[in-house]
Amino acid sequence: MKVLLTGILGYIGAFMGEALQEAHHRVTGLDTGYYARSVLYDKRRAAPSVIHKDIRRVTEEDVTGYDAVLHLGELSNDPLGQLDPTLTHQINHAGSVGLAKLCKKAGVPRFIYSSSCSVYGTGNGEFKDEQSPVSPQTAYAECKARVEREVAELADDRFSPTFLRNATAFGLAPHFRFDLVLNNLSGLAATTGEIRMSSDGSPWRPLVHVRDICRAFVCALEAPREAVHNQVFNVGDTKENYRVREVAEIVAQAFPGCKIATGNGDKDSRSYRVSFDKIRQALPGFACAMTALDGARELKDIFDRIHLTRELFEHRAFIRLKQIRHLLATSQIDHQLFWN
Ligand SMILES: NC(=O)c1ccc[n+]([C@@H]2O[C@H](COP(=O)([O-])OP(=O)(O)OC[C@H]3O[C@@H](n4cnc5c(N)ncnc54)[C@H](O)[C@@H]3O)[C@@H](O)[C@H]2O)c1
């Protein structure tokens, strides 16, 4: 299929571009490039071509002629979303709904949206599934929920949106992020010898390897239309729900000799445990291949090979909020996050 992939220069997107090419799809990327140079290790193969553009400035012409648009290009986490919640709404909510409307107008039959399990927000350890009410706790999660609702209303015989609610990603990918829980704790283990959680470790988080997210997108893209038309799927594995302190213990297994420490006791209101049964049933080709422990061991191996230093671990290139603050402070982007 001919596919447009937004967010292709990000953590998940860079891998997704490769996964789509390996599955013999013709891929064009679209990305504004906030983290384009955030490369932890060299990529193996040639990347697809990229349209350097903000999703808020995409035209009907940009999306015409594609069989599917896979939409990942947004501000990608809670702290970044809190930097300026109004702006988060402009990009993640209005920008994404606008893109979906353009796709429908241009006759793109499939639209796959990279949503998040963070829409579930809070819980007492009960499993949330796709029927559970959402309870977003941050601007980022609120935008995800609103995009799902509003894009679902566009669905008709010619336009099939699908909403993939990813668990929290981890694992090795070229445009790396250290601001994701397992990657962060692994970086701390490697560079300080101490696995220090930022909370008391009690919140629940479902985890999924970045490559498994890519597999889920490819499966959804290739599934018969009726299996995915206007459907929501949680992306992950029910066995991979952990409390943050359990994630720390897994990291300690992969980085022997490290101490575990709790944070300053701040209560993280975000806690959700998620069922991933629906995707297994609806997309039989999909199953997660990587556990959190596999991911932590893979990170230990690459950190050893590249001699990860504290400086590199803390570098803005791998922490989304730090990089955006740097681009703003150096006037490379304006207060609307457009390039100057
Ligand atoms: N990483 C996770 O744990 C996770 C979990 C659930 C959902 N998601 C979602 O998956 C998507 C990708 O996440 P990621 O971890 O790869 O994030 P990322 O920050 O690494 O990548 C996002 C990419 O989108 C681009 N982008 C941001 N705003 C843009 C704009 N206005 N116009 C064009 N491009 C823009 C960035 O330049 C970047 O390359 C995001 O939508 C994120 O919310 C991620």
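The values are calculated or read from the model by the stated rules, or taken from the named source; none is laboratory data. If you're wondering where the values come from, they're calculated on a predicted model, not measured in any experiment. For neighbour counting, all protein chains shown are included, and Cβ atoms are generated from backbone atoms with ideal geometry for every residue, glycine included.
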Original post:
Within segment 117-134, can you find the residues that are at pLDDT 95 or above and farther than 16 Å from residue 167 by Cβ?
Top reply: 131, 133
Original post:
(1) assigned to a loop (DSSP other than H, G, I, E, B); (2) within 14 Å of the ligand (Cβ to nearest atom): which one isn't true of residue 268, the others all being true?
Top reply: (2)
Original post:
Do we have residue 66 as within 7 Å of the ligand (Cβ to nearest atom) and in contact with a Leu (Cβ under 7 Å, 6 or more places away or on another chain) here?
Top reply: no
**OP:** Run down 108, 119, 147, 151 and say which single residue is among the β-branched types (Val, Ile, Thr), away from the ligand (no atom under 16 Å from the Cβ), closer than 24 Å to residue 70 by Cβ and buried (at least 17 other Cβ atoms within 10 Å of the Cβ).
**Re:** 108
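So, in segment 9-23, how many residues would count as being within 7 Å of the ligand (Cβ to nearest atom) and either on the phi > 0 side of the Ramachandran plot or in a loop (DSSP other than H, G, I, E, B) (or both)?
Of the residues in that region, 2 qualify.
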Subject >> helices (runs of 4 or more DSSP H) contained in segment 45-104 and holding at least 2 residues touching a Ser or Thr at 6+ places or on another chain (Cβ under 7 Å) and under 24 Å from residue 175 (Cα atoms) >> reply: 78-83
Subject >> Single residue of 132, 186 found to be more than 16 Å from the ligand (Cβ to nearest atom) and in contact with a helix residue (DSSP H, G or I) (Cβ under 9 Å, 6 or more places away or on another chain) >> reply: 132
Original post:
Among the residues of segment 34-52, which ones are surrounded by 17 or more Cβ atoms within 10 Å (Cβ to Cβ) and within 11 Å of the ligand (Cβ to nearest atom)?
Top reply: 34, 35, 38, 50
Original post:
Hey, among 154, 180, 207, 185, which residue is within 26 Å of residue 110 (Cα to Cα) and not basic (Lys, Arg)?
Top reply: 154
**OP:** Might you let me know whether segment 81-99 holds any residue that is more than 18 Å from residue 34 (Cα to Cα), within 16 Å of the chain's Cα centre (by Cα) and in contact (Cβ under 8 Å) with a residue 60 or more places away in the chain?
**Re:** no
Original post:
Does residue 26 count as near the ligand (Cβ under 9 Å from one of its atoms), over 19 Å from residue 166 (Cβ atoms) and surrounded by fewer than 24 Cβ atoms within 10 Å (Cβ to Cβ)?
Top reply: no
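Are there helices (runs of 4 or more DSSP H) fully within segment 286-340 with at least 1 residues that are crowded, with 17+ Cβ neighbours inside 10 Å and in contact with a Lys or Arg (Cβ under 8 Å, 6 or more places away or on another chain)? List them. First the steps, then the outcome.
Working: elements: 292-306, 310-313, 320-329.
Correct list: 320-329.
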